[in-house]
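> Input: one structure, supplied below.
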Amino acid sequence: GMILRRLILLRTMALVFVLMAPFQATAETLSGRASVIDGDTIEIHGQRVRLAGIDAPEMSQQCLDAESHHWRCGQRAANQLADHIGTRTVSCEPEDWDRYGRMVAICTTDSDLGAWMVQNGWAVAYRRYSDLYAAAEDQAHRAQVGMWSGSFQNPADWRNLRKAN
């Protein structure tokens, strides 16, 4: 009676979990309108998302152009990302979670946002965590686009120097 019913119920539940397993990855995809926080961080439905494999200059970071004039590369990187996304839906596939509780994800509109940022020189490949965009960075460097048109401090080094002081 009772025990048998419970066993059948448990078995049915186990089967449901097995059948649902392939859908778990897609269920975690975060999609929607994105607002840009900075050159490598967006927000969708109130959830902060760090773009995986890239490192953009910080909002207050400045770079030097070909004539050694300062310009606000961090601000420009964020604006470029915002203009590129526009009103399109962004879909993010989680890779990890960082120590600040942000999702670290590969995000796309019609193409990979991280790749676009690196290819256009608005971010560098975050090689400490991934080689995913190393080739794109080398290409941007050779083409001298974005930050590569002048000189800049690696965003991670820039942050570390600010922490030290």
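The values are calculated or read from the model by the stated rules, or taken from the named source; none is laboratory data. Computed from a predicted structure; not experimentally measured. All Cβ positions, even for glycine, are placed from backbone atoms using ideal geometry, and neighbour counts span all protein chains on display. SASA here: full protein model, heavy atoms, side chains in, ligands and nucleic acids out. Shrake-Rupley method; radii C 1.70, N 1.55, O 1.52, S 1.80 Å.
> Which one of these does PRO94 not meet: (1) at positive phi; (2) in contact (Cβ under 8 Å) with a residue 24 or more places away in the chain?
(1)
> What number of residues within the range 112-165 are without any contact (Cβ under 8 Å) to a residue 24 or more places away in the chain, within 17 Å of the chain's Cα centre (by Cα) and open to solvent by less than 70 Å² (accessible area, probe 1.4 Å)?
5
Each row is one residue, and each column tells you yes or no for (1) on the phi < 0 side of the Ramachandran plot; (2) modelled with pLDDT of 95 or more.
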| position | (1), (2) |
| --- | --- |
| CYS107 | yes, yes |
| LEU113 | yes, yes |
| GLY121 | no, yes |
| SER130 | yes, no |
| ALA134 | yes, yes |
| ALA143 | yes, yes |
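> Hey, does the range 65-88 have a residue that's open to solvent by less than 50 Å² (accessible area, probe 1.4 Å) and touching a Lys or Arg at 6+ places or on another chain (Cβ under 8 Å)?
So far as the range 65-88 goes, no, none of its residues is open to solvent by less than 50 Å² (accessible area, probe 1.4 Å) and touching a Lys or Arg at 6+ places or on another chain (Cβ under 8 Å).
> Ok, one more. Can you name every residue in the range 78-133 that is over 11 Å from LEU51 (Cβ atoms), touching a Leu at 6+ places or on another chain (Cβ under 8 Å) and among the aliphatic types (A, V, I, L, M)?
Scanning the range 78-133 gives ILE85, ALA125.
> Only one residue in ASP38, ASP83 is closer than 16 Å to GLY121 by Cα and free of Cβ contacts under 8 Å to residues at least 12 places away in the same chain, so which one is that?
ASP83
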